[in-house]
Each structure stands twice: as structure tokens, then as C-alpha cells.
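Trainee: First the structure, then my questions, so here it is.
The values are calculated or read from the model by the stated rules, or taken from the named source; none is laboratory data. None of these values were measured; they are calculated from a predicted model. All Cβ positions, even for glycine, are placed from backbone atoms using ideal geometry, and neighbour counts span all protein chains on display. Surface areas here come from the heavy atoms of the whole protein model, side chains and all, with no ligands, DNA or RNA. Shrake-Rupley method; radii C 1.70, N 1.55, O 1.52, S 1.80 Å.
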Protein chains: 2
Amino acid sequence: MTTRVNRQWLLVSRPEGRLQPSNFQWAETPVPDLQEGQVLVRTLQLSLDPTNRGWTNATATYLPPIPLGEVMRGIGLGVVEESRHPGFRVGQYVQGLTNWQLYLVSDGRGLAAFDPTPGLPMDAYLGLFGHIGATAYFGLVEVGQAKAGETLAVSGAAGAVGSLVGQIGKIIGCRVVGIAGGPAKCKWLVEELGFDAAIDYKREPVQPRLRVLCRPGIDVAFENVGGDILDAVLANINLRARVVLCGMISQYNEAVPPPGPRYLGNLLVKRARIEGFIVTDYMSRYAEAFAKLGEWYAAGRLKYRADVVEGLEQAPAALNKLFDGTNTGKLIVRVS
Amino acid sequence: MTTRVNRQWLLVSRPEGRLQPSNFQWAETPVPDLQEGQVLVRTLQLSLDPTNRGWTNATATYLPPIPLGEVMRGIGLGVVEESRHPGFRVGQYVQGLTNWQLYLVSDGRGLAAFDPTPGLPMDAYLGLFGHIGATAYFGLVEVGQAKAGETLAVSGAAGAVGSLVGQIGKIIGCRVVGIAGGPAKCKWLVEELGFDAAIDYKREPVQPRLRVLCRPGIDVAFENVGGDILDAVLANINLRARVVLCGMISQYNEAVPPPGPRYLGNLLVKRARIEGFIVTDYMSRYAEAFAKLGEWYAAGRLKYRADVVEGLEQAPAALNKLFDGTNTGKLIVRVS
């Protein structure tokens, strides 16, 4: 057997502010032989997510910091090339923490095998039938408790999660208002995804627009952005509103967190709540979400968009697209 | 029958910042004769609460603003002097919105009659068996879902609500850390009320002290203060923490709400929530709280302290004691 050469991005320094090329180092090393109980996965696609930025810091988030000198952590999708693990067979597809590399040698922990549905493109797994779809589903339905007739506001609405949240909201029977940056994204939300309205935060003042579009107030807010956007949301919540805190992308590049929302007191007056969640807590119930998402997708009621970047080499630069607002839909790196 | 003369504090201008004497005007007017269906109540005691300050603003909170020129709104306790209302008899005690006046003529709405327990001082009703006790009980047990073995942090801990919350926390089986201003208050919390520890926010940095005293983190925070105190709490929450937002007294005198907490992102990482509540939502269940509080009080497990100011004339100046930190326990004005 010829020795396989791995291709990896190592995290070699902690970013200050935006990720810089110097934070990463490209490495090519031979893939070691498998030990008993191990599986070798070749990465096909890598998911770039805002949360990746937080993992590069020296302080722990919901996961420990990535040690310097180690492979950059990331969720991906791959195919089993060799297996000495009873739970995986060659040719099987898997999702999980493949990390930013061509080959993963793993004891199987954190990898979930799946059988692709014939006719479904591979990017549908990272875009819909994976952590992104589960985040949108459980965040809106379980944490947000969204119900028919309620008003839903979604920030980062043209992102991978936000675009699904708004569509699921419509399926549930909510009135849905999205907040996104730029006319193209807003047009996509309303004309293609069926949002009731979209606010272009780059050109419109969000707080008064929400007031007009969300009468008598926001019942469920799905928050991906934080900062001023969250404040505009809090200023417009309805009685017993649920603010689902899924992300705060506006703050991930800040060394010290900036001051928070001024309108937090509105939670009190409106008997409302902000609740944070991490989708991996729902991992044992992913099948439930995928069944629903699959049904809606098959019926043409749910669309996803993949924004595919070619080549593992592009991963560090591509991650910044999430923070520049130059990405629409699910940002994916095609690795092999 | 001699005509009774009412004594009232009218709200005549909106305060900017702290309440000023000029915001109020003293009025003495004859009490009108009762109409059929009305009841006349003589106020015995008036409860001064931080929320009173919010009611004086031009913008609605959970209640509409007090119209200028009308009697200042306030919760009180009184005795029925005359009744043409089938639900009230002369000599009966009532609690409710008596407002800042000696006599209330009412159609009975918002007034709850009660039979005093022999031997119990009258201030026990505003201090314990009223909205204060219900706030502490439902906030901690229902909203906070506090359980034995958890760590509870209470801000405004030497206030009327906070001092009860910490004691109920101990009865439930929590480890309780209070945050209060000044050594006398902290000593009272630990030595008389049985808190496990108290942090004097005027002399100690709250965030690092919470880190030391609340390992591995705060499970339930009962928040009466907001601002920097809330931020210090959020920086130290444990997984699945519940932050009960009962008040934000640090901000009630601000015309524009100041920026909020920097560590809001911790809600996400810790899958935690902040939830606001207003005790009147639990009014139909007050008896349930009073039964528990009564049992604990009778057993000597629950203490309250009344800080009694003599005379309705003192009410405007006394309300500022809540914001100066010069008050310990339940602030009450003895009216008659």
C-alpha cells in the first residue's frame, strides 16, 4: 500500500481580531497506519461555522481551546477509506469533527455514520441534514417554542442557520421577518424563501423597522448576531417573548466582549427570556429533526443554499467570509 | 358624620434622574361620599418599592405611566372604614394599590381582604405575606427552579426581596452567596440570616469574589440590580444556569438605559437563560406562597426586617433610600 500523505491546517498562533494567514500553518505528513479500533476517514467537505472562530481563542467556550500546533478543529463530512473499527465499514459516509485535514485517523468517537439518500447532493448533508439543520430545528421549536400565529424575527437571516429558521417558521405558521445585510440577501429571503419581510441592516435602521414590521411585538427572536441587532430586537419584544441565543457573530472577533444590549430591562417588563443553546446537546435527537426536515425538503417547502469554496487550502481565508457578510447560505469547503 | 380630609401625594412632574421634592405636591381634600359598590379604606402602611420609580416615567412599564396631577401609585395595607361594597366589611384589612394617600375610595378592584394572624405585627404583611414574599418565593422556586445542592447568588441581598430569597434558598438546600453594599448588611446576611457568604460590592471586586465563592459556578442568580453586578454574575454562571431578572435598580434613575452586560455570550456557551418576571402574574397563587412562608416563619427559619419611616409626608424622600443603598429590609411608610 502506498503511504497516504495528509494535508492539514495547523493552528499555530491565537488570532487577535480577524483570523490572519499567519495564525495557520500548512502541513503535509504521512498518515500513520491504523491501530486496532481505529478508522481512517477521507474528508470530502468541511463546514465553516462562526463558532470555529471562538475555538481558536485561548479561553474555553463550550469546547476547550484548540491547542497551538494542532490541527484546526472543524465539522466535516467524509468517507471511510480503511477501518479496523467494528462500527465503521469501508465506503461508509460519516459526519463529525474531521477537522481541517484531508485524512482523519479516529477511534470513532464523535463520528456519525449515515447512508446518503440517492439523488441528494452531498452538500445537502452539511447544509441541511447535519448540525445546521438540527440547530435551526431544535433552536426554533424546542428553545424558542415557536407557534402558529406568532411573529418570528431572525437575524443573520441569509446565513446557513438563519435561512432555514425563517423557512421553518413559515411552515409552522409564523409571520417571519429576517434581518440581513444587503439587497440581494433580502430579495432572496422574501422572493425565494418566502419570508414575509426582510430588513437590510446596512441601509435601514433596524429598531424602527422591526417596530413597524413586527406589531404588536416579536414573540420569538432567533439571534445569530448579537450587539446592536440584539438590542433592536429586545426593544421590540412582545409579552413572554423567547429570544433564542444561537450565536453572536458580531462579537467573535473582539478580544474583550463589547458592552451588551441596553434594552435588557425589557425582559423584565415583558416577562421574556433570553436562552442560549448548543446544538450538540440535542445530538441524540437529530434523527427526529432530519425526518421533519427531509419531509419538508422533499415537498419543496424548504430550500438550502450551499456556498462552496474549492480546496482545503482556501479554508482560513474562507472562514472570514462569515464575518465579512460576503457569504449567503451554508459555507462549505470542498476538500476531495 | 364629620367630613374626612384626605392627605395625598400627587405626581406633578416627571423626574429626571433621582426623584426630587418638586416632582410631588401635597394635597388635602375632602373625601367624597361613597357611591353604591364602593369601599373606603384608610391606609395604615405604604410599601416603597424600586418599581415605583419606573411608574413615574412617561413611558409605560408593565403598568401605564401615572398621569401627571394624579395620586402617586403605590402598594399599601389598610383597614376598611366604610363600605357600600358587598365584598368588604368595616374593620376588615386589605392589601393592594392604596396609592400614596391616607384614604382610598375604591370599587374594590385590585384590593385583597385578609384576616391578620393574632400576634403577627402589621409590617409582616408588607414584609413577608404580600407581594414581597410572593416575589421571593415564585421568583426563586418557579422562575429560577432552584434545587437542593445548587449554588444561588442574590444581588440586592439585604433588600426586602433579596433577604428572603437567600433564606428560602438555604431552606431549599442551596449554597447561598449574597451581594450587598457595606459591612453591616453583609454581617446581617451571614450572621443573622444564615447566608453562606456575602460580598460587599463597595469594597470587594464582585466578579473574582463570585468566582472564588461560587465554584464551579452559579446555578441560579436572583438579580435585583443589573449593570456591573449582572455582568459579574454572567461571567460566573454554571452550565444551564437560570438568571431570574427581578429588578435592575441600578438603572431606574437613568433616562436612557446604559449599555448592558458584556458577558451575555456566556448564556450561549453555558446554555443558560435570563428570564424576567413580574410577581402579579402569580397573584392567583399567592396563597400557596404564603402557606410556605408562614410555615417557615413560624418555625423560626425565615426572618424579615422592616425599615419603617414615620408619616406619609416622608414618602418621596424615603423612596430614594432604595437607590442610595441606605435601606435594609422592607422599606415601609407608616401612614396612620
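Trainee: In nm to one decimal, list the spacings between the A:Val308 label point and its equivalents in the other copies, with label points set 7 Å along Cα to Cβ, shortest first.
Mentor: 8.0
Trainee: If each label sits 7 angstrom from Cα along the C-beta direction, how far apart, in nm, is A:Asp115 from its counterparts in the other copies?
Mentor: Once sorted, the set of distances for A:Asp115 reads 7.2 nm.
Trainee: Follow-up question, since we're still on this one. Hey, can you find the accessible area per residue of the protein assembly as shown for me, probe 1.4 Å, expressed in square angstrom? Write down the numbers at each step before the final one.
Mentor: Details: 27060 Å² over 672 residues.
Roughly 40 Å² per residue, with all protein chains present.
Trainee: Mind listing the Cα extents of the stretch A:87-178 along all three principal axes, in Å, largest one first?
Mentor: That gives 48, 26, 22 Å along the principal axes, largest extent first.
Trainee: Please report, to two decimal places, log10 I(q)/I(0) for the stretch A:1-107 at q = 0.10, 0.11, 0.20, 0.21 Å⁻¹ as given by the Debye formula with identical point scatterers on the Cα atoms and no solvent.
Mentor: -0.30, -0.37, -1.05, -1.12
Trainee: Let me ask something else. Looking at chain B only, what percent of DSSP beta bridges run antiparallel? Nearest 5 please.
Mentor: Working: 32 of 59 bridges.
Taking every DSSP beta bridge within chain B, about 55 percent pair in antiparallel fashion.
Trainee: What list of ³J(HN,Hα) couplings, whole Hz, do you get for the stretch A:225-235 from phi and the Karplus terms 6.51, -1.76, 1.60, once you set θ to phi - 60° and write x for glycine and proline?
Mentor: Per residue, the Karplus-derived 3J(HN,Hα) values read 10, x, x, 4, 5, 4, 5, 5, 5, 4, 5 Hz.
Trainee: Then there is this: 222 nm [θ] for chain B, helices only, -39500 (n - 2.57) per DSSP H run of 4+, per residue, to 500?
Mentor: Values: 11 runs with 78 residues, N = 336.
Computed ellipticity for chain B at 222 nm equals -6000 deg cm²/dmol.
Trainee: Between B:Cys214 and residues 5 or more places away or on another chain, which pairs have amide H atoms under 5 Å apart, with H built 1.01 Å from N, and which residues are they?
Mentor: Excluding prolines and chain starts, which carry no amide H, there are no hits.
Trainee: In whole Hz, what ³J(HN,Hα) sequence does the stretch B:257-265 give by Karplus (6.51, -1.76, 1.60; θ = phi - 60°), x for Gly and Pro?
Mentor: x, x, x, x, x, 6, 9, 4, x
Trainee: So for the stretch A:143-261, averaging the separation of alpha carbon pairs under 8 Å that are six or more residues apart and normalising by length, what relative contact order in percent results?
Mentor: Numbers: 245 pairs, mean separation 30.2, N = 119.
Result for the stretch A:143-261 is 25 percent.
Trainee: Same structure, new question: Over what distance in Å are the Cα centres of the stretch B:287-322 and the stretch B:132-209 separated?
Mentor: Distance between centres, Cα-based: 16 Å.
Trainee: Using the Cβ atoms and a cut-off under 13 Å, what net charge is assigned to the surroundings of A:Gly194, where Lys and Arg are +1 and Asp and Glu are -1?
Mentor: On the way: positive: A:Lys170, A:Arg175, A:Lys187, A:Arg301, A:Lys303; negative: A:Glu191, A:Glu192, A:Asp196.
Residues near A:Gly194 contribute +2 overall.
Trainee: Follow-up question, since we're still on this one. Taking all protein chains as present, what is the carbon and sulfur share of the accessible area of the stretch A:267-336, in % to the nearest whole number, probe 1.4 Å?
Mentor: On the way: 1490 of 3010 Å².
Ligands and nucleic acids excluded, carbon and sulfur give 50 percent.
Trainee: Right, here's the next one. Write down, largest first, the equivalent ellipsoid semi-axes of the protein assembly as shown in whole Å, where each equals the square root of 5 times an eigenvalue of the alpha-carbon gyration tensor. Kindly include the intermediate steps, with their values, before the conclusion.
Mentor: Numbers: eigenvalues 627, 140, 91 Å².
Here the semi-axes work out to 56, 26, 21 Å.
Trainee: Between the label point of B:Ala58 and that of the same position in each other copy, find the distances and list them shortest first in nm, with every label point placed 7 Å from Cα along the Cα-to-C-beta direction.
Mentor: Listed shortest first, these distances are 4.9 nm.
Trainee: What share of the DSSP beta bridges in the protein assembly as shown is antiparallel, in percent to the nearest 5? Don't skip to the answer; put the middle values down first.
Mentor: Values: 68 of 122 bridges.
Close to 55 percent.
Trainee: Return the long-range amide H neighbours of A:Met72 (sequence gap of 5 or more, or a different chain), with a cut-off of under 5 Å between placed amide H atoms.
Mentor: A:Trp9, A:Leu10, A:Leu11, A:Trp100
Trainee: Oh, and also: Could you please state, rounded to a whole Å, how far the C-alpha centre of the stretch A:53-122 is from the C-alpha centre of the stretch B:20-95?
Mentor: The stretch A:53-122 and the stretch B:20-95 have Cα centres spaced 66 Å from each other.
Trainee: How much of the DSSP bridge set in the stretch B:65-179 is antiparallel, in percent, rounded to the nearest 5? Let's see the in-between values first.
Mentor: Working: 8 of 13 bridges.
The antiparallel proportion sits near 60 percent.
Trainee: Percent relative contact order of the stretch A:209-318, based on C-alpha pairs within less than 8 angstrom and at least six residues apart?
Mentor: Details: 121 pairs, mean separation 24.3, N = 110.
Reported relative contact order: 22 percent.
Trainee: Okay, next question. Which value, in square angstrom to the nearest 100, describes the accessible area buried between chains A and B on both sides, using a 1.4 angstrom probe? Walk me through the numbers on the way to the answer.
Mentor: Details: alone 14830 and 14870 Å², together 27060 Å².
So the total buried area for this chain pair works out to about 2600 Å².
Trainee: Given DSSP loops and a limit of at most 15 other Cβ atoms within 10 Å, what is the longest stretch of chain A that contains no such GluC sites (Glu not before Pro)? Could the numbers behind the result be given before it?
Mentor: Numbers: sites that count: A:Glu16, A:Glu36, A:Glu70, A:Glu254.
The answer is A:71-253.
Trainee: What percent does the relative contact order of the stretch A:1-105 come to when contacts are Cα pairs within less than 8 Å and at least six residues apart?
Mentor: Numbers: 225 pairs, mean separation 35.1, N = 105.
33 percent.
Trainee: Using amide H atoms built 1.01 Å from N in the peptide plane, name the residues 5+ places from A:Tyr103, or on other chains, whose amide H lies under 5 Å from its own.
Mentor: Close amide H contacts, sequence-distant or interchain: A:Arg7, A:Thr43.
Trainee: In whole Hz, with x marking every Gly and Pro, tabulate ³J(HN,Hα) for the stretch B:32-41 from phi via Karplus 6.51 cos²θ - 1.76 cosθ + 1.60, θ = phi - 60°.
Mentor: The phi angles translate into x, 5, 6, 8, 4, x, 10, 9, 10, 10 Hz.
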